[in-house]
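**Student:** Quick one: the structure is below, and I'll ask about it shortly.
The values are calculated or read from the model by the stated rules, or taken from the named source; none is laboratory data. Because the structure is predicted, anything quoted here is derived from the model rather than measured. Don't worry about glycine lacking a Cβ; one is built from the backbone with ideal geometry, like all the others, and counts go over all protein chains shown. Areas reflect the complete protein model, heavy atoms only, side chains present, ligands, DNA and RNA absent. Shrake-Rupley method; radii C 1.70, N 1.55, O 1.52, S 1.80 Å.
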Amino acid sequence: MPLLKTTLNTDLSDIQEKVIDGHRLNFEDGVRLFESPDILTIGRLANIVRERINKNKVYYIINRHINYSNICKNKCKFCAFSREEGENGAYQMSIKEILEKASQIIQEKATELHIVGGLHPELGLDFYIDMISSIHKRFPEVHLQAFTAVEISHFAEISGISTYETLKKLKDAGLGSLPGGGAEVFATEIREELCPEKLSGEEWLNTMRIAHNLGLKSNATMLYGHIEQDKDRINHLLKLRELQDETGGFMTFIPLAFHPKNTDMKNISSTAGILDLKMLAIGRLMLDNFDHIKAFWIMLGIKISQISLSFGVDDIDGTVAEEKITHSAGAETPEALTVNEIRSLIEETGREPVERDTLYNRIN
Ligand code: V47
Ligand code: SF4
């Protein structure tokens, strides 16, 4: 089918043919998509893939975030959330406080707790096992999606045991799956500039490999809109695609839009809507072995998230309740949405809202 000509057309007809025939896109295709100003063609192609996999459905979940501590030994330049121990604004929730926060899921009818925090310089794995097992014992039916690969690797290091043992112990205590944070951008020179203390891209991927082999599913993210280039974004997506071919353990890809306020990179502008939409659509096109692409409305705003449902996205996260990481960095979105608000923002786009659990089973 020939492309209809408009002023912004660049020739993407060969990529269109590949997408329609279900062929894999390569590195050059990905970079050309980023370079093209033809957002409508990119979006339409991503929409073809999205509807092929997920039809007209948009998934959402009733969940609650618990950011249990902002005390962190790292100083990632893009982070406005972390504090040193004893610094003004530093906090660490006790298990009792975490259980109190968790108990709000009862009235909210939430099916998932999303639990992440900073890298505490002293607390060992026992504290985190206690956290997970206490919540799991009290709320056995709630799925605990907790600890990024960065936290897992830190717990292993501080406790002097392997990543495998760390994950095994947490799984035995009730951990259900891993969120996708901490991936940032895998390119070594960018990590050295933004987060030199953090585990490497290869270590992030290997932690996920070990989790997947243990039967723990996970998400995957990429932080974009800072100093990375198109080639870095595509290389990141290709590494995720490669690991997914090997393990099949990723559930969803979530591009995270950089929020500069209160960070050491506050001179960088917030991401433009065009980049947000491209990131989601190109993520959908490159990651042909991922079932889901999520627009995290907290970071993208409700308007872009709504439009993204025609640009490759089939998942809009959830009620969220009490997200601190992006709000520390200037997010102007609310800290939570009600189920009715989520359903109507989906319905306004002509799509069908579907409540899901963490593992994408439909909840009636
Ligand atoms: O790891 C930190 C990122 C992540 C900023 O798995 C920032 O479903 C933007 O991983 N601007 C934590 N991003 C959040 C996260 C996440 C969020 C929603 C859903 C899921 C999921 C995972 O946030 C961090 C880091 O990559 N981050 N600072 C910032 N200023
Ligand atoms: Fe710590 Fe995570 Fe913030 Fe980096 S992004 S400083 S690891 S809390």
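**Student:** Report, please, the projected area of the stretch 224-364 averaged over directions, based on the convex hull of its C-alpha atoms, in nm². Working shown, then result.
**Tutor:** Details: hull surface 35.2 nm².
Projected area, direction-averaged: 8.8 nm².
**Student:** Which percent of the accessible heavy-atom area of the stretch 56-355 goes to carbon and sulfur, probe 1.4 angstrom? Walk me through the intermediate numbers first.
**Tutor:** Values: 5440 of 11320 Å².
Carbon-and-sulfur percentage of accessible area, whole number: 48.
**Student:** Ok, one more. Need the full-extension length gain, Lys231 to Glu122, defined as separation in residues times 0.36 nm minus the C-alpha distance. One decimal, nm. Write out the running numbers ahead of the final one.
**Tutor:** Working: separation 109, 0.36 × 109 = 39.24 nm, distance 3.78 nm.
Contour length minus Cα-Cα distance gives 35.5 nm.
**Student:** Mind checking the alpha-carbon convex hull of the stretch 1-121 and giving the volume per residue in Å³?
**Tutor:** On the way: hull volume 24.6 nm³, N = 121.
For the stretch 1-121, the hull spanned by Cα atoms encloses 204 Å³ per residue.
**Student:** In debye to the nearest 20, how big a dipole does the chain give about its Cα centre with +1 on each Lys and Arg Cβ and -1 on each Asp and Glu Cβ?
**Tutor:** Numbers: 41 positive and 54 negative charges, 129 e Å.
That gives a dipole near 620 debye.
**Student:** When each pair of different Cα atoms in the stretch 135-229 is counted once in the 1/r mean, what is the Kirkwood radius in angstroms, to one decimal? Don't skip to the end; give the middle numbers.
**Tutor:** Numbers: mean 1/r = 0.0713 Å⁻¹.
By the Kirkwood definition, the hydrodynamic radius is 14.0 Å.
**Student:** Rank-order 199-205, 217-223 by packing density, defined as the average count of other C-beta atoms within 10 Å over each peptide's residues, highest first. Display every interim value, and only then the final one.
**Tutor:** On the way: 199-205: 18.0, 217-223: 23.3.
The peptides rank, most packed first, as 217-223, 199-205.
**Student:** While we're looking at this one, here's another question. Please list, short to long, the whole-number percent of alpha-carbon pairs of the chain in consecutive 10 angstrom bins beginning at zero.
**Tutor:** Bin by bin from 0 Å, the calculated values are 5, 25, 35, 25, 8, 2, 0.
**Student:** Taking the mean number of other Cβ atoms within 10 Å as a proxy for protection, how do you rank 89-101, 134-146 from highest to lowest? The partial results should precede the final answer.
**Tutor:** Details: 89-101: 14.0, 134-146: 18.1.
Most protected by this proxy first, the peptides run 134-146, 89-101.
**Student:** Let me ask something additional. Any idea of the accessible area per residue across the stretch 1-156, 1.4 Å probe, to the nearest Å²? Mind dumping the intermediate values first?
**Tutor:** On the way: 7140 Å² over 156 residues.
On a per-residue basis, the stretch 1-156 sits at 46 Å².
**Student:** Name the residue from Thr247, Leu199, Phe290 whose Cα lies farthest towards the positive end of the charge dipole of the chain, charges +1 on Cβ of Lys and Arg and -1 on Cβ of Asp and Glu.
**Tutor:** Phe290
**Student:** Another question, if that's okay. Rounded to the nearest 500 deg cm²/dmol, what is the calculated helix-only ellipticity per residue at 222 nm for the chain, with -39500 (n - 2.57) per DSSP H run of length n ≥ 4? Before the final figure, lay out each step's value.
**Tutor:** Details: 16 runs with 158 residues, N = 364.
After summing the helix terms and dividing by residue count, I get -12500 deg cm²/dmol.
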